[in-house]
Amino acid sequence: MTPQAAVSAHDSKHDGRVVVEMDHLRKSFGNNRVLRDIHLVIHKGESLVVLGQSGTGKSVLIKCIVGLIDHDDGKLAILGQNISELRDQELIDLRKKIGFLFQSAALYDSMTVRENLEFPLRRQLDSMSTETLDSLVKEALQNVGLAAAIDKTPSELSGGMRKRLGLARTLILKPEIMLYDEPTTGLDPITSKEISRLILEVQNKYDTTSIIITHDIECARLTANRIIVLKDGMCAAEGSFKDLANSKDAWIRSFFE
């Protein structure tokens, strides 16, 4: 895929199936109430952007979704499964359907690009043939425009290429839900736009559901079907990019100025 081939997120349609449901979701760390009362429904194929000032619980929200952090109270259902009711193995199986792109890309610097992509496959799909493994690695790299870098190490890649490699490694297991934590942080404006368009291409090609935490308004504009804005641990606003950019609330508008 190339960035120029991306379809506008605003033209994408979800199919109505609920993949994430939160009701009265709460999470505190000691006396710090980070998530106070979150109500949210996300549908299959939707791209949701989460905005908010630092410390408002954006990253905590998606870490609860993937089960890296346990929520304290309320309902959190992922792909129809109530997280708080899952046994350890059931949670592990659910996580295989969720991809998480960390801010740092979380690459293994001692491994080549190929080995970075093979690692999650070898851990989760023990019986895979060498031919199938090689095919999946090459497909993942082609999807992010890194086919020529297969034998390089992460230290030989630019920041944008490292981000692409992190995305390829996440996508190689074909997750149903993609979680992006500040996917364009530290990148120049041109590379940030390429990553944003790549996120959208991935969503369109694989019909994934995307949840994107970002401070990058251009990323939000390019990728979002819907945006929520967090404030004081609650959803302060919800709507399209255009709706929120033209909000009568000056505080909401300030994110888009």
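Tell me which residues, restricted to the range 189-204, are out of contact with any helix residue (DSSP H, G or I) (no Cβ under 7 Å at 6 or more places or on another chain) and either crowded, with 22+ Cβ neighbours inside 10 Å or free of Cβ contacts under 8 Å to residues at least 12 places away in the same chain (or both). Please lay out each step first, then the result.
To start, the set of residues in the range 189-204 that are out of contact with any helix residue (DSSP H, G or I) (no Cβ under 7 Å at 6 or more places or on another chain) comprises 189-190, 203-204.
If the condition is that a residue be out of contact with any helix residue (DSSP H, G or I) (no Cβ under 7 Å at 6 or more places or on another chain) and either crowded, with 22+ Cβ neighbours inside 10 Å or free of Cβ contacts under 8 Å to residues at least 12 places away in the same chain (or both), then Ile190, Gln203 are the ones that fit.
Among the residues of the range 148-160, are any under 13 Å from the mean Cα position of the chain (by Cα), surrounded by fewer than 20 Cβ atoms within 10 Å (Cβ to Cβ) and acidic (Asp, Glu)?
From the range 148-160, those under 13 Å from the mean Cα position of the chain (by Cα) are none; that's our starting set.
Checking the range 148-160: not a single residue is under 13 Å from the mean Cα position of the chain (by Cα), surrounded by fewer than 20 Cβ atoms within 10 Å (Cβ to Cβ) and acidic (Asp, Glu).
Identify, please: which residue in the range 246-256 is part of a loop (DSSP other than H, G, I, E, B) and in contact with a helix residue (DSSP H, G or I) (Cβ under 9 Å, 6 or more places away or on another chain) and is, among those, surrounded by the most Cβ atoms within 10 Å (Cβ to Cβ)?
Let us first name the residues in the range 246-256 that are part of a loop (DSSP other than H, G, I, E, B), namely 246-249.
Right, trim to in contact with a helix residue (DSSP H, G or I) (Cβ under 9 Å, 6 or more places away or on another chain) and you get 246-247.
On the way: Asn246: 12, Ser247: 16.
Among those residues, the one meeting the criterion is Ser247.
For every residue, the table says whether it meets (1) under 25 Å from Lys205 (Cα atoms); (2) surrounded by fewer than 21 Cβ atoms within 10 Å (Cβ to Cβ).
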{"position": "Lys27", "(1), (2)": "no, no"}
{"position": "Ile38", "(1), (2)": "no, no"}
{"position": "Val49", "(1), (2)": "yes, no"}
{"position": "Val66", "(1), (2)": "yes, yes"}
{"position": "Asp72", "(1), (2)": "no, yes"}
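Which fully enclosed strands (runs of 3 or more DSSP E) of the range 186-245 have 1 or more residues being farther than 20 Å from Phe100 by Cβ?
Values: elements: 209-213, 226-231, 234-239.
Answer list for the range 186-245: 226-231, 234-239.
Looking at the range 221-238, is at least one residue β-branched (Val, Ile, Thr) and either more than 26 Å from Ser28 (Cα to Cα) or free of Cβ contacts under 8 Å to residues at least 40 places away in the same chain (or both)? Can you show your working first?
Filtering the range 221-238 down to residues β-branched (Val, Ile, Thr) leaves 223, 227-229.
The next check asks that each one be either more than 26 Å from Ser28 (Cα to Cα) or free of Cβ contacts under 8 Å to residues at least 40 places away in the same chain (or both); those that pass are 223.
Looking through the range 221-238, at least one residue is β-branched (Val, Ile, Thr) and either more than 26 Å from Ser28 (Cα to Cα) or free of Cβ contacts under 8 Å to residues at least 40 places away in the same chain (or both).
Quick check on this structure: which one of Asp181, Asp243 is free of Cβ contacts under 8 Å to residues at least 60 places away in the same chain and under 20 Å from Gly52 (Cβ atoms)?
Working: Asp181 fails: free of Cβ contacts under 8 Å to residues at least 60 places away in the same chain.
Criteria check complete, one pass: Asp243.
Got a sec? Which of Ser59, Ser110 is among the small types (Gly, Ala, Ser), surrounded by 15 or more Cβ atoms within 10 Å (Cβ to Cβ) and closer than 30 Å to Leu157 by Cβ? Break it down into steps so the answer makes sense when it comes.
Numbers: Ser110 fails: surrounded by 15 or more Cβ atoms within 10 Å (Cβ to Cβ).
When all the criteria are applied, what remains is Ser59.
Values quoted throughout were computed directly from the atomic coordinates according to the rules given, and no laboratory measurement underlies them. From a predicted model like this one, the values you see are computed outputs, not experimental measurements. Glycine gets a Cβ as well: all are built from the backbone with ideal geometry, and neighbour counts include every protein chain shown.
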